[in-house]
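*Asks:* First the structure, which I've put down as structure tokens, then a few questions once you've had a look.
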Amino acid sequence: MMSIDCVLFDLDGTLLDTSYDFAYALNQTCRHYGVQPLHYQTIRKTVSQGGLAMTELAFPNLSDAEIQERREHFLDVYHRHIACHTQLFPGLEAGLQHLADKRVPWGIVTNKPTWLTEKLLSIIKFPSEPLGLVCGDTLAIKKPHPEPMWLAAEQCGSVPKNCLYLGDHPRDIEAGVNAGMQTGAALFGYLPEGAGDDAWPADFHFETPIEITHFLQERL
């Protein structure tokens, strides 16, 4: 059994439940452009795919310029309402507290852009601050490329093989594997349509956030 001395999280759908604020912003954008709002569960399945995917979900078959205009409006609304309902997934705070108590470094690797990530993290409080933070525009490439993962491990003072990366999208598991990290699938997150068991070649599988907490308490 390999040791773990660093824990890295995907942000949306793994560490934080951001889906309600995204759904609000997207449906406000739908109303602004005279389009029927979408059901929350429909939006939730797309959150981990990013702002462009959510915009295209609400506004299919538009030109690139029209999509970009609506995406900018959507993200502006989201930025202004970024933490109205966002919170740690219930059950994870005790796990983060355990990391703080044990002085285990942890970090975040997300494809969310820096301007949104930093705004959100300035509002949400954690038992200890993340030592690593790599956003979608920190480097020229993003997940599933391994470089963002390697940078986060370096920021945390760890080596990839001793890092556990937790994510709720098959791309996250792919990124962790590509980086030579141990991986955990957060199956309570914003799973995309069609993500069956074969999409999650992870070392560990977590059906609920509290399972992650119990795992951290037992292993670290």
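The values are calculated or read from the model by the stated rules, or taken from the named source; none is laboratory data. If you're wondering where the values come from, they're calculated on a predicted model, not measured in any experiment. Because the Cβ atoms are built from the backbone with ideal geometry, glycine has one as well, and the counts that use them run over all protein chains shown. Just so you know, the surface numbers come from the protein's heavy atoms only, side chains and all, with ligands and any DNA or RNA stripped out. Shrake-Rupley method; radii C 1.70, N 1.55, O 1.52, S 1.80 Å.
*Asks:* Which pairs in the list Lys45/Lys102; Lys45/Lys143; Lys119/Lys142; Lys125/Lys161 are over 25 Å apart, alpha-carbon to alpha-carbon?
*Replies:* Pairs exceeding the cut-off: Lys45/Lys102; Lys125/Lys161.
*Asks:* If packing is taken as the average count of other Cβ atoms within 10 Å, what order do 167-180, 141-154 fall into, highest mean first?
*Replies:* 167-180, 141-154
*Asks:* Work out how much length Trp115 to Ala94 would gain on full extension: take 0.36 nm times their residue separation and subtract the Cα-Cα distance, in nm to one decimal.
*Replies:* Length difference between fully extended and current span is 4.8 nm.
*Asks:* Measure off, as a whole percent, the carbon and sulfur share of the 1.4 Å-probe accessible area of region 1-149, all protein chains present.
*Replies:* The computed percentage sits at 51.
*Asks:* For Glu211, Glu69, Glu129, write out the residues from largest to smallest accessible area, computed with a 1.4 angstrom probe and no ligands counted.
*Replies:* Glu129, Glu69, Glu211
*Asks:* Something else: Go ahead and collect, in residue order, the members of region 71-96 whose backbone nitrogen is under 20 Å from a label point 7 Å along the Cα-Cβ direction of Arg31.
*Replies:* Only 71-86 fall inside the zone, counting backbone N under 20 Å.
*Asks:* Another question, then. Starting from the Cα gyration tensor of the chain, take the square roots of the eigenvalues, sort them a ≥ b ≥ c, and report rounded, prolate or oblate (rounded when a/c is under 1.5, otherwise prolate if a/b is larger than b/c, else oblate).
*Replies:* Because a/c hits 1.5 or more and a/b exceeds b/c, the chain counts as prolate.
*Asks:* Still on this structure, please answer the following. Is the shape of region 151-220 rounded, prolate or oblate, going by the alpha carbon gyration tensor and its root eigenvalues a ≥ b ≥ c, with a/c under 1.5 for rounded and a/b larger than b/c for prolate?
*Replies:* Oblate, since a/c reaches 1.5 and b/c is not below a/b.
*Asks:* Once each part is reduced to its C-alpha centroid, what is the distance from region 62-98 to region 108-152 in angstrom?
*Replies:* If you average the Cα positions of each part, the centres end up 14 Å apart.
*Asks:* Per residue, how much accessible area does region 54-119 have with a 1.4 Å probe, in Å²?
*Replies:* Heavy-atom accessible area per residue stands at 50 Å².
*Asks:* Name the shape class, rounded, prolate or oblate, that the alpha-carbon gyration tensor gives for region 96-220, where a ≥ b ≥ c are the square roots of its eigenvalues, rounded holds for a/c under 1.5, and otherwise prolate holds if a/b is larger than b/c and oblate otherwise.
*Replies:* In terms of gyration-tensor shape, rounded.
*Asks:* Using 0.36 nm per residue, how much length does the chain from Asn162 to Asp198 gain when fully extended, once their Cα-Cα distance is taken away?
*Replies:* Taking 0.36 nm per residue and subtracting the Cα distance, the gain is 10.5 nm.
*Asks:* On a 0 to 90 degree scale, rounded to 10, what angle separates helix 64-80 from the longest Cα axis of the chain?
*Replies:* 60 degrees
*Asks:* Now, a different point. Quick one: which residues, 5+ away or cross-chain, put their amide H under 5 Å from the amide H of Cys6? H built at 1.01 Å from N.
*Replies:* HN-HN under 5 Å from Cys6: Leu164.
*Asks:* So if each residue of separation counts as 0.36 nm, and I subtract the Cα-Cα distance between Asp64 and Thr42, what length gain in nm does that give?
*Replies:* Working it through step by step, the gained length comes to 5.7 nm.
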